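Undergrad: Sharing a structure here in structure tokens format.
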Amino acid sequence: MLPNEFWNLTFHEFFLIQKGRNDVIESKEKREWERVRWLACLMLQPHTKKGQNLTPEKLVKFEWEKGEKVKDVEKQKKRAEYIAKKYDLINKKNG
């Protein structure tokens, strides 16, 4: 992002950009933790009793899996359209 683009942002737009970046980082961390859980399950599988089925979810249940919220797709779509329009306006202003 160019300095001129940054200074033309409203607080709300900056917040949305920052939230998007934080979501990307959080998503990467979740994938890493899930990969570690899967690997631990594979390593423990040979040591479990016969007939006992060990799954990664049985091994560890993460906080983000306990109470998954239903996401409103329409709300997210409208939000993405709003951000795209704002981004286009900024690009038009800056030429």
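Computed from the coordinates by the stated procedures, all read-outs in this text should not be read as laboratory data. These numbers come from a predicted model, not from an experiment. Cβ atoms come from the backbone with ideal geometry, glycine included; neighbour counts cover every protein chain shown.
Undergrad: Can you name every one of the helices (runs of 4 or more DSSP H) wholly within the stretch 28-94 that holds 3 or more residues which are surrounded by fewer than 11 Cβ atoms within 10 Å (Cβ to Cβ)? I'd like the intermediate steps shown before the answer.
TA: Values: elements: 56-59, 63-66, 73-94.
It comes to 73-94.
Undergrad: Still on this structure, I have one more. Based on this model, can you work out whether Ile83 counts as touching a residue at least 40 places away in the same chain (Cβ under 8 Å), of a type in the set (A, V, I, L, M, F, W, C), at negative phi and in contact with a Gly (Cβ under 9 Å, 6 or more places away or on another chain)? Break it down into steps so the answer makes sense when it comes.
TA: On the way: touching a residue at least 40 places away in the same chain (Cβ under 8 Å): yes; of a type in the set (A, V, I, L, M, F, W, C): yes; at negative phi: yes; in contact with a Gly (Cβ under 9 Å, 6 or more places away or on another chain): yes.
Yes: the conditions hold for Ile83.
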